[in-house]
Amino acid sequence: MENNLPKSVSEKIPFWRDVRVLRVLFQVGFLIGILLLAGILYMNMLRGLRGLGLTLNLDFLNDEAGFGISEGIAYEPSDTYLRAFWVGVINTIKVSIIGIVCATILGLVVGIARLSSNWLVRNIAAIYVECFRNIPLLLQILFWYTAVILQLPSVRQSFTFFGGVFINQRGVYLPSPQATSGVQIWLGCLAGGVILAVILYLVRLRKLRQMEQPGFPAKWALPAFLLVAFVGWFLTPGRPFTWELPALKGFNFAGGTYLSPEFSALLIGLVIYTGAFIAEVVRSGIQAVAKGQREAAKAIGLNEFQTLRLIVLPQALRVIAPPLTSQYLNLTKNSSLAVAIGFPDLFNVGNTMMNQTGQSIPIFGMIMMSYLIISLTTSAYMNWYNRRINQIGR
Amino acid sequence: MADLENTLDDSIIICKDVHKWFDDFHVLKGITTAFKKGEKVVICGPSGSGKSTFIRTINRLEIHQRGRIIVDGIELSDDLRNIDRIRQEVGMVFQQFNLFPHLSVLQNVTLSPIWVKKLSKSEAESEALALLERVGIEEQAHKFPAQISGGQQQRVAIARALAMQPKIMLFDEPTSALDPEMINEVLDVMRELAASGMTMLVVTHEMGFAREVADRVIFMDEGAIVEEAAPGVFFDNPQNERTQLFISQTLQH
Amino acid sequence: MEEQAPSPVMKPPTKSKGILRWTKENLFNTWYNALFTLLAVVFLYVVFKGLLTWAFTEANWGVIPANLQIFLVGAYPKDEIWRVWIVIYTLGLLLGLSAGIWGGLALRLALVIGGVGGGVGIILAFFPAALSNRFGLLGGVALLAGSLFLGRGRKELRLWVLGGWLLSFPWTMIWLHGFAGLPTVFTSNWGGLLLTLILAAVGIVVSFPLGVLLALGRRSNLPAIKWFSTAYIETVRGVPLVTILFMAQIMVPIFLPDFRLDKILRAMLGITLFSAAYMAENVRGGLQAIPKGQHEAAHALGLNYPLTMLLIVLPQALRSVIPAIVGQFISLFKDTSLVTVIGLLDLLGIAKTVIANPDWLGLQAEVYLFAAAIYFVFSYSMSYISQRIEDALGVG
């Protein structure tokens, strides 16, 4: 049969049936479609901007901002827009980091409490988780702000704790540590403690290796360091740090550390909301380490603490890390709800800038870039961390 | 080894210098062979020898990068129409059955007649029931794959492939994932199929089946055909050293 | 903890649980658990004493019944509220039929909604003011139960009910907005819980096909399409919803000056584009779980890419991601509250306006707690249902 004979391959395929050509054509068509759409939007935008009498550029960033920002790093209304935006960025990072730390601690405690053998503790934790993760965060933040913090007593009737913490409708006033002249002596003690600890650590490590026994190499070093630090604290003449207490001066407190009502409400909202989610992450992470694993650990003679440290935690951490990352990212993104209560985070400041300059497009670009950079950095770090614990665990 | 040019007339599959790489790994190193209409060929060889990859190139589940494959006069190339035609002429049975778990046995078999050959539902179903009867599981037609045994699943997979009325059937280790007691029920169906005159390419470790059913046995190693012969010659008087080693190892089990 | 029914045959020796014994085992089994129990009791005492004292002596709950209607439907005209009831009844009918026909998810949903609806109806019975609402709600529950009964085992109705669900969305919009001789109710008058539910439903329903396309795009072997889908998904997931809502408000008029989309439509656009990225990631998870053999078998049978996806891959993938999609619906339901920030009067937005009403000054806590309770009931019952499905599917 003639048609069985091999013929030359490539030249005979019409292009509309050739897979390779079709692949390219399809993608080119797709890109052209996207570009056309973008082009139409761009033309529309230019038309719209002309109608508003605006041109698209970033020069406005060097103009004087002219609006005040209630808190954050040093800033005057006479500073530039760029500086104002930076203040917002720093505020977002600040509330995110503090929020992440507090939410992690809260979530860890509650997550472990949910697995407690104590019926009451277990159920209080469950009720907390179910209540707070099923109510919108914005509602919670508004509640803490308008229904709790703004309803607190006035400055003169502040709640006072331990004589140094004052809580009133203007915010929270905390004592702040101030270094004294004796601080160097204590720091010297600390340095000595570190050296001692390192030596003890190495000695014990070697000893363990020699005995070919696994163990906790920091078992001597840690207490030694703490002992030195503790003793050094009291040996230092006049103590290394003193607390600077907030004091009522005129109509307000001065000194110490001050948390504004907006910051406090945002932080409380973020921490309580995210904490509930982190608790679930922690709980399911620990539960994912199968019961059999623990039993196997007991069977080979590990005690409760060794089981937790050597078997359960490393495996649970590996399960926990990815969902924990997305909770951290959620918290960071949710900090943009600051705009609802007037905390000057990057979105809120950007919004004010838009209202003042009308340059909404470049400012939106800046806002989105900032969030993307924060998100990508966080997830890059967590991916690295994730890889690391995966390597160690295997 | 049969001369390629002489077999062209009645060959349904022609492979000429077929090469394939996975990234830098050279899986197929110039396969040249041909299969006659109605021929039953068993392909064997150690794991990683490229035998599965080879039969997967014949219905273009794997794309060969050099050489030519012509199936029933259709050149396997980047031509979309040719690929569609080949897939209808060549049926395939997989090691892991690959039944569609969300469809009933009957729906598994009627799926491509309805959607690809555009048969009416009732036509497709009566044909499917006939096929299921042929492989001996007509009473399971309305069950789902997860509800039947592995051997039954593989027989459904054979019926599903036959539903497209292919001229050629490819079997990629059809019994390797089965419990021992189920292997025979699948082999019986394959024997019956062979007796009906189907062109069959079978990758398998079942040497008894090869000896009994095959017209020809091909031994592959390291991406090349090492030896091909009629089963009598292949098993009793293998020429190549590697074939001898493989046969002695396989028959020991 | 329930008492175990005593078994007549043989009792395991330790199972005889008196209250004392239970207390000892669950609250005081170790010294630190005893300590925790004491601390927890003190904590509960302080919290509940404060809360209950406030709720029964200081709080002014009168604000809730007085504003109940605007909490539920916003500024929707009083004379037109019967149209909302028509929509609710239609959906109730469809849900009841689906529950009868399919069971499973639809059945659970119907039971929870029926239970909550009936419960609220009975509670409303104690407020004489809301007479019509009470009967409306109980009527709806009756309709739901009736259609559930009717639909039992009626497999032949499947296509009709599916068609009904497809049409339910335009049907809802037409009734709420008005047609023919009915007075038009502009979307600016939609508000309260009604708006919250519409935003969440639109967000999920419209983002679903978009999300599926994006997920397929991200797994495509065509680099341009893969790159575009990935960039879209990651960008949207990297920025907060508030940003996207503001962008929809401010940028849409700039980029599309010829279309005059109103505020709610722009919010819907923003929510949908946002939700599509998350939907895509959920669907992608399902797609990844489909073994390669399924694609190969489909190709070997001669199915092309669209048929393979439509008939083989997506049905399996989507089934496995139902819990994730329910989860996304829950968070979207909560996230719709962000439209308050751009000035829409959804449930939370209404709460803010009630607080600002000079007649009801200083009642922030009461109003926010009421809104929180509504959000909680919806969100918790949905997550309860989704938990049950997950258990039933054996996922997670």
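Here are the numbers:
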quantity	calculated
Dipole of chain A, positive end: most advanced residue of A:Gly358, A:Ala179, A:Ser260 [Cβ charges, Cα centre]	A:Ala179
Accessible area in the full protein assembly, largest first, 1.4 Å probe, for C:Phe259, B:Phe22, B:Phe94	C:Phe259, B:Phe22, B:Phe94
Amide H contacts of B:Arg216 (H built 1.01 Å from N, under 5 Å, at least 5 apart or other chain)	B:Lys40, B:Val42
Longest DSSP-loop-exposure-free segment, GluC sites (Glu not before Pro), chain C, at most 16 other Cβ within 10 Å	C:4-396
Label zone at A:Val231, where the point sits 7 Å out along the Cα-to-Cβ direction: the stretch A:168-211 residues whose backbone N lies under 11 Å	A:193
Residue-level accessible surface for B:Leu251, protein heavy atoms, 1.4 Å, Å²	100
Nonlocal amide H pairs with A:Phe241, under 5 Å, H built at 1.01 Å	A:Thr180
Within the accessible area of the protein assembly as shown (1.4 Å probe), percent carbon and sulfur	65
Projected label distance in nm at A:Met43 and A:Ile98, using a 7 Å step from Cα toward the beta-carbon	5.1
Accessible surface, 1.4 Å probe, highest first, among residues B:Val18, A:Val198	A:Val198, B:Val18
Relative compactness, the stretch A:204-343, computed as alpha-carbon Rg over 2.2 N^0.38 Å	1.62
Of A:Thr55, A:Leu120, A:Ile90, farthest towards positive along the dipole that unit charges on Lys, Arg, Asp, Glu beta carbons give the stretch A:34-137	A:Leu120
Chain A - Debye-derived log10 I(q)/I(0), Cα point model, q = 0.06, 0.12, 0.13 Å⁻¹	-0.43, -1.24, -1.33
From phi via Karplus (6.51, -1.76, 1.60), per-residue ³J(HN,Hα) for the stretch A:145-152 in Hz, x at Gly/Pro	6, 7, 8, 10, 5, 6, 8, 5
In sequence order, calculated HN-Hα J values of the stretch A:40-50 (Karplus, 6.51, -1.76, 1.60; Hz; x Gly/Pro)	4, 4, 5, 4, 4, 5, 4, 4, x, 5, 4
Debye, to nearest 20: dipole size of chain A, +1 on Lys, Arg Cβ, -1 on Asp, Glu Cβ	1560
In sequence order, calculated HN-Hα J values of the stretch B:190-207 (Karplus, 6.51, -1.76, 1.60; Hz; x Gly/Pro)	5, 5, 4, 4, 5, 5, 7, x, 5, 6, 10, 10, 10, 8, 7, 9, 7, 6
Area accessible to solvent at C:Phe378, 1.4 Å probe radius, in Å²	70
Solvent-accessible area of A:Leu37 with every protein chain in place, 1.4 Å probe, in Å² to the nearest 10	110
Candidate residues C:Trp360, A:Trp16, A:Trp86: accessible-area rank, largest first, probe 1.4 Å	A:Trp16, A:Trp86, C:Trp360
Where C meets B: accessible area buried, both sides, 1.4 Å probe, Å²	1600
Positive minus negative residues near B:Pro238 (Lys, Arg vs Asp, Glu; Cβ under 12 Å)	-3
Where only alpha carbons of the protein assembly as shown are counted, the Rg and the Dmax (Å)	35.7, 110
Accessible surface buried upon C-A contact (total; probe 1.4 Å; Å², nearest 100)	4500
Residues with amide H under 5 Å from that of B:Thr199, placed H, sequence gap 5 or more	B:Gly38, B:Met169
Calculated FRET value between C:Leu167 and A:Leu248, using beta carbons and R₀ = 60 Å, to 0.05	0.35
Equivalent-ellipsoid semi-axes of the stretch A:66-165, from the Cα gyration tensor, Å, largest first	35, 20, 14
Mean accessible surface per residue for chain B, computed with a 1.4 Å probe while every protein chain stays in place, in Å²	42
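The values are calculated or read from the model by the stated rules, or taken from the named source; none is laboratory data. Everything numeric in this text was worked out from a predicted model, so none of it was measured. Positions of Cβ are backbone-derived with ideal geometry, glycine not excepted, and every protein chain shown enters the neighbour counts. Surface areas here come from the heavy atoms of the whole protein model, side chains and all, with no ligands, DNA or RNA. Shrake-Rupley method; radii C 1.70, N 1.55, O 1.52, S 1.80 Å.
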